[in-house]
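The values are calculated or read from the model by the stated rules, or taken from the named source; none is laboratory data. What you see is a predicted model; the values in this text were computed from it and never measured. Positions of Cβ are backbone-derived with ideal geometry, glycine not excepted, and every protein chain shown enters the neighbour counts. In case anyone asks, the SASA skips ligands and DNA or RNA and just uses the protein heavy atoms, side chains included. Shrake-Rupley method; radii C 1.70, N 1.55, O 1.52, S 1.80 Å.
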Amino acid sequence: MNTKKFIPCIYLYQKQALEGPDKGRSGLGIDPVELAGFYADNGADELIVFDLSEGDKEHEEALDIIKAICHTSEVPVTGTGNIHRPEDVKKLLYAGCKQAALDFSIPSNVDMAKEVSQRFGKEKIATCVESAAYISCNRELLETYVSRLILVKETILKECVGCSGVPFIAMLPEMTLNKLLDTLNYIDLCGVTGVFVNKNAREITALKSLCAENGIQVNTFETEIKWEDFKYNSDGMVPVVVQDYRTNEVLMVAYMNREAYETTLKTGKMTYFSRSRQALWLKGETSGHFQYVKSLTADCDMDTILAKVSQTGNACHTGSYSCFFHEIAKKDYKEENPLTIFQSVLDVIKDRKVHPKEGSYTNYLFDKGIDKILKKLGEEATEIVIAAKNPNPNEIKYEISDFLYHMMVLMVEKGVTWEEITKELADR
């Protein structure tokens, strides 16, 4: 059975998220990057970003925003709009998009489909179509070189069903829940987007639960572990240790009863049982500091849950990001977590750039500029090659360390973060 996806779309114009593709409409008053994060946290399976920019300068600014969206959203992004040549597809994919969608109402895009598919891979190419005629006229091309269709006109859904063996995403207008369920049963429909999904973004998880109850396959927090499988305490509760899914920082400890556990699975938002109030507690209901579930894991004894979450705002009621900040005792130790060390060194280099220190070699490199930094980076890369021919492994360790330091100077100079690098590697 084909898994159906809920895919909000962002209409990007002059750095704003518009209500629709009509540029005359007002913006949503929300930063498009924040909007992408909101959609992802509320259960969106993917995002589609329509670049409505005009002119090269505005288009380059839009690409920067799309890059930030891809970094923030944590779900796959399809980019479309302003694609006129293969280089435009490359820019979208390099910005972090899972796919680039060619507008088939532009004849040159139809001609370009084969070239970009062969160059970047069929799975990276989608198309936007406005009528069933586009599909029937280009059926062989689509089936050979395109992985998905996006039906950008809400009125063409029925006539496009069965036109091609290529999966399609349908724009949906506002509709009843019964109509939604009927629509999701269409052959080759792999996802829905448009007005309906955007306006019901807060309810995506609930909509998925409704779909699952009606036999429609969707991405939900389904689990075979029932509440009865846990060893809960005499009050019928299980402690939950909560971590930031990015950094693994421990944020808080709380408790769940059966209702809290089942509500968390149903909504995708961390819900606990407040022992002080003796009531169900949706984290963030009053503060807005919601915790969106990334994973739930039980320990070996089935008496504790480890929750990894995306934390909005702060976890602690005191305003601290984590509830754990009262240091009791500490023994000096050397940090050995690689990413922590890399981030620490990068932070020192950033500080040197903002607050220069006399005699600092780092400031010397910044003062000399990009050419000097690149020259040193090239020299250190050569030193690695030479050291690799030496049977003593210690020499190459030193040279790689020197190279990484100079690379981080370059990262700071160009405004690149470790998060961006690790995300890029994870996406490959």
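Remarks
- Alpha-carbon geometry of segment 103-186: the Rg and the Dmax are 13.4, 42 Å, given in that order.
- With R₀ set to 22 Å, the beta-carbon distance separating Glu420 from Lys350 gives a calculated FRET efficiency near 0.95.
- Of all lysines in the structure, the ones whose alpha carbon falls short of 17 Å from that of Lys57, not counting any fewer than 8 places away in one chain, are Lys15, Lys67, Lys91.
- Less than 5 angstrom separates the built amide H of Phe290 from those of Thr312, all sequence-distant by 5 or more or on a different chain.
- Per-residue packing, averaged as other Cβ atoms within 10 Å, sorts the ranges 157-170, 234-247, 390-403 into the order 157-170, 234-247, 390-403, beginning with the highest.
- When the solvent-accessible area of the chain is split by element, carbon and sulfur atoms take up 51 percent of it, the probe being 1.4 Å.
- Sorting the Cα pairs of the chain by distance into bins of 10 Å, from 0 upward, gives 4, 17, 24, 23, 19, 11, 2, 0 percent per bin.
- Protein heavy-atom accessible surface, 1.4 Å probe, per residue over segment 135-250: 51 Å².
- Rounded to whole Hz, the Karplus (6.51, -1.76, 1.60) HN-Hα couplings of segment 127-138, x for glycine and proline: 9, 9, 10, 10, 7, 5, 4, 4, 6, 5, 6, 10
- Listed by chain and number, the aspartates and glutamates whose alpha-carbon sits under 20 Å from that of Lys372, ignoring those within fewer than 8 places in the same chain, are Asp351, Glu358, Glu380, Glu383, Glu399, Asp402, Glu413.
- Computed extension length for Ala298-Ser136: 53.2 nm, one decimal, from 0.36 nm per residue of separation with the Cα-Cα distance subtracted.
- Here is the short version for the chain: Cys9, Cys70, Cys97, Cys128, Cys137, Cys160, Cys163, Cys190, Cys211, Cys300 have no other Cys C-beta closer than 4.7 Å.
- Out-of-range pairs (alpha-carbon distance over 23 Å; input Lys308/Lys334; Lys283/Lys350; Lys90/Lys423): Lys308/Lys334; Lys283/Lys350
- With the helix formula -39500 (n - 2.57) applied to DSSP H stretches of n ≥ 4, the chain reaches a computed 222 nm mean residue ellipticity of -12500 deg cm²/dmol.
- Within the chain, percent of DSSP bridges classed antiparallel, to nearest 5: 40 percent
- Take the Cβ atoms of Asp332 and Ser105, set R0 to 60 Å, and the FRET efficiency comes out at 0.35.
- Normalised per residue, the volume of the convex hull around the Cα set of segment 1-141 (Å³): 123 Å³
- The HN-Hα couplings worked out from phi for segment 230-236 by the Karplus form 6.51 cos²θ - 1.76 cosθ + 1.60 (θ = phi - 60°) are 7, 9, 8, 6, 5, 8, x Hz, whole numbers, x standing for Gly and Pro.
- Projected onto its three principal axes, the C-alpha set of segment 357-414 covers 37, 20, 15 Å, listed from the longest axis down.
- √(5λ) per eigenvalue of the Cα gyration tensor, segment 142-190, largest first, Å: 21, 11, 8
- Computed over segment 258-391, the alpha-carbon pair-distance distribution with 10 angstrom bins reads 9, 20, 24, 17, 17, 11, 2, each value a whole percent.
- Space enclosed by the convex hull of the alpha-carbon atoms of segment 251-321, per residue, Å³: 92 Å³
- Spin-label model distance (nm) - Asn314 vs Asn214, 7 Å beyond Cα toward Cβ: 4.3 nm
- Counting DSSP beta bridges with both ends in segment 1-148, the antiparallel % (nearest 5): 20 percent
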